[in-house]
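The values are calculated or read from the model by the stated rules, or taken from the named source; none is laboratory data. Owing to the predicted nature of the structure, the values given are computational and were not obtained by experimental measurement. Glycine gets a Cβ as well: all are built from the backbone with ideal geometry, and neighbour counts include every protein chain shown. Note: areas computed on protein heavy atoms with side chains; ligands, DNA, RNA excluded. Shrake-Rupley method; radii C 1.70, N 1.55, O 1.52, S 1.80 Å.
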Amino acid sequence: MSKNILRRIAVVMMVAGFIILSGCGSNSKEQERQRREAEDMVYAAYIAKDYPRIIELVDSFKTLGCFSEGKACYWLGYAYDRLMKTSANIRSL
């Protein structure tokens, strides 16, 4: 490739990177705050052993984009597992 083409590619890449970074920077603090608040709410439900509430919260936060797919699957799996154990203990009484 010629030097001219390489320079154009480099300029386009720099401009694209700048646009991406400047777009993320404006909302990143707000998104981080919302994510932390969502995690705090789920953690409070976890401490209270309120498993239906965990499921409710995680489903909502996943829909809103506060939780990643992996984090949502972890919490949903945990809550459903605990609910099944709780219901099994009640049945055995």
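Which residue, of Arg36, Arg82, is modelled with pLDDT of 90 or more, in contact with a helix residue (DSSP H, G or I) (Cβ under 8 Å, 6 or more places away or on another chain), assigned to a helix (DSSP H, G or I) and open to solvent by 80 Å² or more (accessible area, probe 1.4 Å)?
The conditions single out Arg82.
Mind checking which residues of segment 60-79 are among the aliphatic types (A, V, I, L, M) and either more than 13 Å from the chain's Cα centre (by Cα) or at pLDDT 90 or above (or both)?
Ala72, Leu76, Ala79
Can you tell me which residues in segment 50-63 are farther than 16 Å from Gly77 by Cβ and surrounded by 11 or more Cβ atoms within 10 Å (Cβ to Cβ)?
Asp50, Ser60 - these are the residues of segment 50-63 that are farther than 16 Å from Gly77 by Cβ and surrounded by 11 or more Cβ atoms within 10 Å (Cβ to Cβ).
Would you call Ala45 of a type outside the set (Asp, Glu), in contact with a Leu (Cβ under 9 Å, 6 or more places away or on another chain) and modelled with pLDDT of 90 or more?
yes
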